[in-house]
Amino acid sequence: MSYIPHTDQEKKQMLEAIGVSTIEELFKDIAPQLRAKSFNIPKGRSEFEVVEYFKKLAGKNNINLIDFVGAGFYNHYIPAAVDAICQRPEFYTAYTPYQPESSQGWLQSIFEYQTAISELVGLECANASLYDGGTALCEAVLMATRITNKKKIIMDSGVNLLYRSMLYTYTSNLSIEFIKHLLFMDKAAEKKSKKSWMKIQQQLFCKTLIFLGQLMIIPI
């Protein structure tokens, strides 16, 4: 049984549109001796057999590795309590934040997260309803410029490159000046950088783990 619904006339029209006369011409760059003559596909398996088969394949992967790639790809330890808490009915509801009566679990999660962050870092408030890190950075910069009425931003080079790219695009039509803070500086450069910051007294944006996956101490 053929699973191609196109008629011979439709096939002819498509071939003419791309400038060939037969389907075989599409494979002319492949040497004849390398073309598949047939496909040795095994018979279907039960669900249990398929699961066991892929478990066996997955077992060949080396998963006990440490990532040094950085760029947001770090090893994260997730406590066992996380799964238990997430499955409680007050959290585990449909993701429909546009319908408050249907998303109490989502709203509760946001509230608990904001409360925990505020207590941990000593802030009066914290926001947790932004789409991603880049969006959060953009909103933070805009909020800082509105509150302080200052248009200069010190941007640490350790901030994710994608986040910074989003930020520069997001603010391209605004009168905001970004001052780059270099990741690696000698003592003299650090001292000069600190003096310039104190002089302009502007907002500073940085990450707790930089793009390279390191914990850096910024001289402020």
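Bear in mind these aren't lab numbers, they're just calculated from the coordinates by the rules spelled out. Since we're looking at a predicted model, the values are computed, not measured. Cβ: placed from backbone, ideal geometry, glycine included. Neighbour counts: every protein chain shown.
Things to note:
- Each residue in segment 2-34 was checked for being surrounded by fewer than 10 Cβ atoms within 10 Å (Cβ to Cβ) and on the phi < 0 side of the Ramachandran plot, and 16 of them qualify.
- Residue-level check: of (1) under 30 Å from L161 (Cα atoms); (2) surrounded by 10 or more Cβ atoms within 10 Å (Cβ to Cβ), Y77 misses just (2).
- Candidate set from segment 103-159 (those that are in contact with a helix residue (DSSP H, G or I) (Cβ under 7 Å, 6 or more places away or on another chain) and in a strand (DSSP E or B)); member that is nearest to Q87 (Cα to Cα): M155
Residue-wise test of (1) free of Cβ contacts under 8 Å to residues at least 40 places away in the same chain; (2) under 31 Å from the mean Cα position of the chain (by Cα).
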position: K43; (1), (2): yes, no
position: N62; (1), (2): yes, yes
position: L65; (1), (2): yes, yes
position: A71; (1), (2): no, yes
